[in-house]
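The values are calculated or read from the model by the stated rules, or taken from the named source; none is laboratory data. Here the structure is a predicted model, which is why all the values come from computation and not from measurement. Cβ coordinates were reconstructed from backbone atoms using ideal geometry, including for glycine residues, and neighbour counts include every protein chain displayed. All accessible areas refer to the heavy atoms of the entire protein, side chains included, with ligands and DNA or RNA removed. Shrake-Rupley method; radii C 1.70, N 1.55, O 1.52, S 1.80 Å.
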Amino acid sequence: FNFRWGIPGRLDLSTRIRVEQRVRSNGPGSADVVDGVAQDAGKSRWAFRYRQQFRVAFNFIQDRPWQLIIWDEPFFHLNSTNYPSEPGLDNNRAFLGFGYDAKQVRVEAGYINQYVRRFSDPHQLNHIFSLNLVLKLGGR
C-alpha cells in the first residue's frame with residue numbers, strides 16, 4: 001500500500017506499508033528433527049513483520065529536479081519464533097540524502113542509519129552509504 005501527497009514541483013510526502021513473511025527452512029527454528037527432537041521448540045518457523053516508511057522529498061528550487069530527501073522506516077515483528085524474534089521493534093532505517101528526480105528516472109544518494117534489535121546478541125547500529133536508481137516505466 002502506497003500513499004502520496006504533495007505540492008507539485010516543490011514537496012512530495014509519501015508513506016508505504018508492507019507486511020512480509022519469512023520462513024526458516026533449516027537449523028534452529030525450523031521444522032528440522034535432530035536426534036528425534038524438533039528444532040522449532042513449539043514456536044512458528046514463519047516470522048511475520050510489518051514495516052512502514054514515511055518519506056519527504058523537498059525540491060530546492062520549484063520545478064527543478066534536485067531534492068533533499070528524508071525518510072524513516074521502522075520494522076515490527078508480529079509474532080514469536082525460535083530463531084529468535086519477539087513481537088515489537090525489529091529494526092529502524094533512517095535516510096538523509098539528495099536526489100535527482102527526472103521524468104523517467106530518479107537517483108538518490110545519502111546516508112542510512114540502521115538500528116537492528118537483536119535478541120541473543122548485542123543490538124547493532126550500521127552506518128550505510130546508499131545509492132538508489134529508480135526507473136519510472138510509466139513516465140511519472
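Which one is surrounded by the fewest Cβ atoms within 10 Å (Cβ to Cβ) among residues in the range 89-140 that are farther than 23 Å from residue 4 by Cβ and of a type in the set (Lys, Arg)?
We begin by selecting, within the range 89-140, every residue farther than 23 Å from residue 4 by Cβ; these are 89-91, 111, 113-129.
Still in the running and of a type in the set (Lys, Arg): 117-118.
Values: 117: 15, 118: 11.
Within the range 89-140, the match that is surrounded by the fewest Cβ atoms within 10 Å (Cβ to Cβ) is 118.
The residue list 69, 61 contains one member that is modelled with pLDDT of 80 or more, open to solvent by 50 Å² or more (accessible area, probe 1.4 Å) and within 25 Å of residue 4 (Cα to Cα), which is 61.
State yes or no: is residue 80 at pLDDT 80 or above, under 19 Å from residue 118 (Cβ atoms) and of a type in the set (Ser, Thr, Tyr)? Against the criterion (at pLDDT 80 or above, under 19 Å from residue 118 (Cβ atoms) and of a type in the set (Ser, Thr, Tyr)), residue 80 qualifies. As a summary of the residue check, residue 56 satisfies the conditions (1) open to solvent by 40 Å² or more (accessible area, probe 1.4 Å); (2) touching a Lys or Arg at 6+ places or on another chain (Cβ under 7 Å); (3) of a type in the set (A, V, I, L, M, F, W, C) except for the one numbered (2).
A search for C-beta distances below 9 Å between a residue of the range 79-93 that is on the phi > 0 side of the Ramachandran plot and any residue that is of a type outside the set (Gly, Ala, Ser), counting only pairs 6+ apart in sequence or on different chains, returns 88/76; 88/77; 88/117.
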